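The structure appears right after this line, and notes come after that.
The values are calculated or read from the model by the stated rules, or taken from the named source; none is laboratory data. All values reported here derive from a predicted model rather than from experimental measurement. No Cβ is skipped: glycine too gets one built from the backbone with ideal geometry, and neighbour counts run over all protein chains shown. The area values use the complete protein model at the heavy-atom level, side chains included, leaving out ligands, DNA and RNA. Shrake-Rupley method; radii C 1.70, N 1.55, O 1.52, S 1.80 Å.
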Amino acid sequence: MPTRIYVTSAEGHTGKSTVALGVLETLAREAGRVGVFRPIARSTTEADYVLELLLAHATADIPYEDCIGVTYDQVHNDPDGALTEIVSRFAAVERHCDAVVILGSDFTDVGSPTELSYNARIAANLGAPVLLVLGGRRSEGEGGRSADEMRQIAELTTAELRGQHAGLLAVIVNRADTAQLAEIQASVATSVGAAGIDVPVWAMPEDPFLVAPTVAALLKATDARLLWGDPALLEREALGIVVAAMSMENVLPRLTEGAVVIAPGDRADVLVGVLLAHASGTFPSLAGVILNGGFELAPAVQRLVSGIGTTLPIAMNNLGTFDTARRITQTRGRLAADSQRKYDTARALFEEHVDAAVLLQRLQVSPSSVVTPLMFEYGILERARENLRHIVLPEGDDDRILRAASTLLQRRVAKLTILGVEATVRARATELGIDLSTATIIDPMDAVLRHRFAEEYQKIRAHKGITIDQASDTVTDGSYFGTMMVHLGLADGMVSGAKHTTANTIRPAFEIIRTRPGVSVVSSVFLMALADRVLVYGDCAVIPDPTAEQLADIAISSSETALQFGIEPRVAMLSYSTGESGSGADVEKVRAATALVHSRRPELLVDGPIQYDAAADATVGAAKMPGSVVAGRATVFIFPDLNTGNNTYKAVQRSAGAVAIGPVLQGLNKPINDLSRGALVEDIVNTVAITAIQAASS
């Protein structure tokens, strides 16, 4: 039977979605297909943003509409009938899952005091143990609850669950006062224990960032339209409000980091003053400006603001100051599917304060024999966290790199150095609303490091006639600078290529890092995450037409890469014929390469020449190459040339829906990896994690 867990709370605004997300991703590491079910929703037609968030990270492919039970209206009109419908619809979802996270109702204004009781009744009828989320705050703006208050709430809520015969799995106090975290956890644990319930209790602190609305949400709430600024910055969270209806000397001391300034539209002096403060570097970085009252700015002021060229979002509405401020204060932040920083923050909080191993043990989750793409990606991040390494990212002028760096730092995947002008990089990070406070930022023009790197590079390339002046110019290039950091032990690995060609990334590595002893060539693999397993494809990115000796090197390096990522290597040396059935120069090259691998690594399971279908399909393999230890079971596929490899990986990626992670470079003394210029933030995160794992294994 699939694993079930019911996440519910006793009131609204407890941050239940943060907890549910943490549970979902904890289960996704172990179970193959993890689904989500929402027993009660506001509507079956209007989007539920929490359900959308969770489905974006679920691994069971179930349509949104199938993941909803009933509406609040159905519950109010016929509670018993609604419960029957919920059980029926849940059963349909569960049939497609190895585990299901069930998310209780939201205690909205359409709820009732009996809402927890009804959630407990649903949990009991679904046979799902309850993960109870208790809110650590009284209400917005009224501060945190004391340990004694939390004890009383725990007593009442656990009694409600027992009354409906719902089993309690664990308790999480969320949004708790940071200063009282341990005391609150102990008090609730004592209360639950006194009731004769032996369950773990955890406490997670309040994080203001998670409840902060975005600038876009504030503009929508106040009917404001954007006049100037970068639309991408509308997704930045607004961490405060400043009503600037006074003179500028009184406005300036009130400006705070990430605040939205509300000002009358006819106060051009305030607008100009705020823009100067925002740009000065001596005042906090603002999230936006909303001009109210519907006043059109004078043409001269518009020309001035346009000439400044600010990226700060500036919007205008027709409301008064009071109505604008009231609407803003009533706008809550949401842990939405499109907010990467909130997602990272929520995951980091859960990982730090909840013992995932204990949670899985209590749920009796058995590890799946299937490895889904998401499971593999989680595994990569987890392994990188276990052996924290220092990675350098040369392209600090690319927003994707900065966003990926924020995710990596918050998830504690790696230590990072970003190359660029520090003031510029940090200013852009602030504009994007991302946190790079723990990253080291180095300017490649740094005089001390430039001189040190130039001397070293000149020694390495002296046989090519490189002078110290030439070396000094060369090492200011980001890829060369980063490679020198790796070479001299100032970083463990480098990831580049988001804005540069593969040659720009690899050439410095060839010149400076060079190949490992016993390896003649640098090659690459793609880690191909299929629906139920992960395969290794090589070489698909570097060597156009390898010789037999190079092909043998590629096979051996690829098998070592496979082992680094927990894949048992069974190597198929691919060709257009299988076994002794074919002849020709291309087949003979593969046959010779296979013999070389056998002689150099006799313990390695390798076979060839072999066709792809014989290597991948057990039935075909048994027919074409009976008795082979690789046929039908291959995990590492070595292509005879770049043309075949590159086209095949892309065909599998597009046609089979595989996730292609890479290219992962192999054969170097220290790990350097290349990105596609079309790389997504997720691709960069995975590549850095892979590089960190390679560094830990070298």
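Some points to look at:
- Screening the candidates 532, 492 for the property of being in contact with a Lys or Arg (Cβ under 6 Å, 6 or more places away or on another chain) and not aliphatic (A, V, I, L, M) yields one hit, 492.
- Residue that is most open to solvent (accessible area, probe 1.4 Å) [pool: residues in segment 290-314 that are in contact with a strand residue (DSSP E or B) (Cβ under 8 Å, 6 or more places away or on another chain) and among the small types (Gly, Ala, Ser)]: 306
- The criterion of at least 2 residues that are buried (at least 17 other Cβ atoms within 10 Å of the Cβ) and hydroxyl-bearing (Ser, Thr, Tyr) is met by the following strands (runs of 3 or more DSSP E) wholly inside segment 1-85: 3-9.
- Helices (runs of 4 or more DSSP H) contained in segment 344-450 and holding at least 1 residues over 15 Å from the mean Cα position of the chain (by Cα) and under 28 Å from residue 565 (Cα atoms): 356-363, 373-386
- Checked against (1) without any contact (Cβ under 8 Å) to a residue 40 or more places away in the chain; (2) more than 26 Å from residue 183 (Cα to Cα); (3) not hydrophobic (A, V, I, L, M, F, W, C), residue 138 passes all but condition (2).
- Against the criterion of being open to solvent by 70 Å² or more (accessible area, probe 1.4 Å), over 30 Å from residue 517 (Cα atoms) and basic (Lys, Arg), residue 600 does not qualify.
- Search result, residues across segment 420-441 that are touching a strand residue (DSSP E or B) at 6+ places or on another chain (Cβ under 6 Å) and on the phi < 0 side of the Ramachandran plot: 422, 425, 439, 440, 441
- Any helices (runs of 4 or more DSSP H) falling wholly within segment 455-573 and containing at least 3 residues that are at pLDDT 90 or above and surrounded by fewer than 20 Cβ atoms within 10 Å (Cβ to Cβ): 468-474, 548-564
- Selected residue (only one of 623, 631 is among the hydrophobic types (A, V, I, L, M, F, W, C) and surrounded by fewer than 24 Cβ atoms within 10 Å (Cβ to Cβ)): 623
- Taking every residue in segment 680-698 that is at pLDDT below 95 and surrounded by fewer than 18 Cβ atoms within 10 Å (Cβ to Cβ) and pairing it with any residue that is not in a helix (DSSP H, G or I) and not hydroxyl-bearing (Ser, Thr, Tyr), at least 6 positions away or on another chain, the pairs with Cβ-Cβ distances below 7 Å are 696/387; 696/389; 698/670; 698/671.
Quick grid of which residues meet (1) modelled with pLDDT of 90 or more; (2) among the hydroxyl-bearing types (Ser, Thr, Tyr); (3) at positive phi; (4) out of contact with any strand residue (DSSP E or B) (no Cβ under 6 Å at 6 or more places or on another chain):
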residue: 15; (1), (2), (3), (4): no, no, yes, no
residue: 23; (1), (2), (3), (4): yes, no, no, no
residue: 31; (1), (2), (3), (4): no, no, no, no
residue: 35; (1), (2), (3), (4): yes, no, no, no
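- Residue satisfying condition, being open to solvent by 50 Å² or more (accessible area, probe 1.4 Å), of a type in the set (A, V, I, L, M, F, W, C) and touching a residue at least 12 places away in the same chain (Cβ under 8 Å), within set 404, 423, 429, 414: 423
- Yes/no for residue 392 being open to solvent by 10 Å² or more (accessible area, probe 1.4 Å) and either without any contact (Cβ under 8 Å) to a residue 24 or more places away in the chain or under 25 Å from residue 501 (Cβ atoms) (or both): no
- Residue count for segment 634-655, restricted to those that are in contact with a strand residue (DSSP E or B) (Cβ under 9 Å, 6 or more places away or on another chain) and open to solvent by 40 Å² or more (accessible area, probe 1.4 Å): 3
- Tally of residues being crowded, with 16+ Cβ neighbours inside 10 Å and over 20 Å from residue 520 (Cβ atoms) across segment 603-616: 9
- Qualifying residue in segment 274-283 (condition: free of Cβ contacts under 8 Å to residues at least 60 places away in the same chain, out of contact with any strand residue (DSSP E or B) (no Cβ under 8 Å at 6 or more places or on another chain), open to solvent by 70 Å² or more (accessible area, probe 1.4 Å) and not hydrophobic (A, V, I, L, M, F, W, C)): yes
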